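The structure appears below as structure tokens.
Derivation of every value follows stated rules applied to the coordinates shown; laboratory data play no part. A quick note: this is a predicted structure, and the numbers were derived from the prediction, not measured. Cβ placement follows ideal geometry from the backbone for every residue including glycine, while neighbour counts extend to all protein chains displayed.
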There are 2 protein chains.
Amino acid sequence: MSSTERRERERARRHQLIITAARELAEAEGWDAVTTRRLAQRVAYSQPVLYNHFKGKDAIVGAVAVEGFDDLAAALRRARRTAGSPREALRAVGRAYLDFAVARPALYAAMFVRETDVPFAQEAQQDSPAAPRAAFEELAAVAGPGDGRDAEVDAEVIWSALHGLAVLARSGRIPQRRQRERLDALVERFAPDTAGRRKASAGQDGSGTAGAGGA
Amino acid sequence: MSSTERRERERARRHQLIITAARELAEAEGWDAVTTRRLAQRVAYSQPVLYNHFKGKDAIVGAVAVEGFDDLAAALRRARRTAGSPREALRAVGRAYLDFAVARPALYAAMFVRETDVPFAQEAQQDSPAAPRAAFEELAAVAGPGDGRDAEVDAEVIWSALHGLAVLARSGRIPQRRQRERLDALVERFAPDTAGRRKASAGQDGSGTAGAGGA
DNA sequence: CTAGTGTGGCTAGCACTGCTAGGGTCGCGT
DNA sequence: ACGCGACCCTAGCAGTGCTAGCCACACTAG
């Protein structure tokens, strides 16, 4: 059985190779440049091979998106853990989210903008893929204020706001600068400073998009 | 000069006919169904005619989007005027926004999701088209709380949140129900009830998407 | 009323897309 | 050694956005 085992291993390797090539090509030249022919050429096979691994092009994009959710969840988790107060945790997670969207726009588009057939949490059941759910859980972990309101609703609104900020700024609907201030305003509203510090941190700097941006 | 005048008139009429046909076709069958051939057939001309009026397909979609902003601005204005307190005005405008996105998904996609070359307010200058700016002004008019914060930033964040709610709910990233509660949460955060009524209105009803929705 | 002119739409076609059918070659198990 | 089966590639299909070149029509000048 070692032969079939090896074959399956190679098949899995190639499966991953296709996903990686699609992501890299998209991040380098945009999703419009990701055609089945170019992708096949990149993995040194002919197009029909792609269809042995995926139902179609959309499925490939979906696979890239699922991997992206892993990355996003990891980035949010990292941000959350390096923060002190809950308020700062929310700010850090929000900034990590916006940085992710800025640093990896093609990947972000695959995850949120492009219409995919990836099944998400249709009814808040747990039949959704693990990766997107994990990313949302990271957000929910820092969104809950515990002041009697519905934490899940708050998390969904915050997520929506972050997504809106990311995509509207990228498409130029809102000026790309001052993202930092917008994030501060969001944090201020959803996690007001109860310690009386009354920090007016924002200022008018507006340097960069939202932060340094990782990877 | 009456002949050339008539020609220009007919030309303008056909220009509008193309835009309307594109919008109707998109609203009926989605943007994927809007091909140059089908669109040309719908207006009873051949494809090259389209290129006498528009630079390409993207320009047609952009024209549809610009008209959509007129509709959106009108809907928001209507909602704002029929509201009493500023707080209720914000809620009404938010609901009108979400209703618009639900009732006319294809049009909304042309305006916000599809990548167009429509020039928006790149640097908050006034060189952006009038229609999108008008829609944003409607939002800004109800977003400014006047408590010392930057009203424009608040408006941008609220707009982002509304857009995020609309698009994430539509794509199934967040459950489609309970949009009403999410809007209430957003309003609560950005326009807290200062009259001490401490209204816990939301409840768990979650009926419908966000409201009745006007065609 | 005729001849000339130019605007403008149409037919045909290009390069490209996602996807599929069929054959042919290789390696494996017996 | 032989037969079998998995597997990959070449070639092609229908449909996409967009363009070149022709031709007919309507209008203007005489």
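Points to keep in mind about this one:
- At the listed q of 0.11, 0.13, 0.14, 0.22 Å⁻¹, the Debye profile of segment A:57-194, built from one uniform point per Cα, gives log10 I(q)/I(0) equal to -0.39, -0.55, -0.64, -1.46.
- Coordinate range along principal axes, alpha carbons of segment B:1-54, Å, largest first: 42, 19, 16
- Ranking of B:15, B:53, B:163 by count of other Cβ atoms within 10 Å, fewest first: B:15, B:53, B:163
- FRET efficiency estimate (nearest 0.05) - Cβ-Cβ, residue A:13 to residue B:13, R0 60 angstrom: 0.50
- Here residue B:85 and residue B:51 are evaluated by their C-beta separation; at R0 = 56 Å the FRET efficiency comes out at 0.65.
- Counting only other chain Cβ atoms within 10 Å of each residue's Cβ, the peptide B:107-113 averages 2.
- Binned Cα-Cα distances of segment A:1-117, short to long, each 10 Å bin given as a whole percent: 13, 37, 26, 16, 7, 1
- Ranked from shortest, the separations from the 7 Å Cα-to-Cβ label point of residue A:16 to its equivalents in the other copies are 6.0 nm.
- Residues A:9, A:114, A:38, A:23 in ascending order of nearby Cβ atoms (within 10 Å, fewest first): A:9, A:38, A:114, A:23.
- Distances, shortest first, from the label point of residue A:48 to those at the same position in the other copies read 3.9 nm; the point lies 7 Å along Cα to C-beta.
- For residues of A:179-186, the mean tally of beta carbons on other chains within 10 Å: 4
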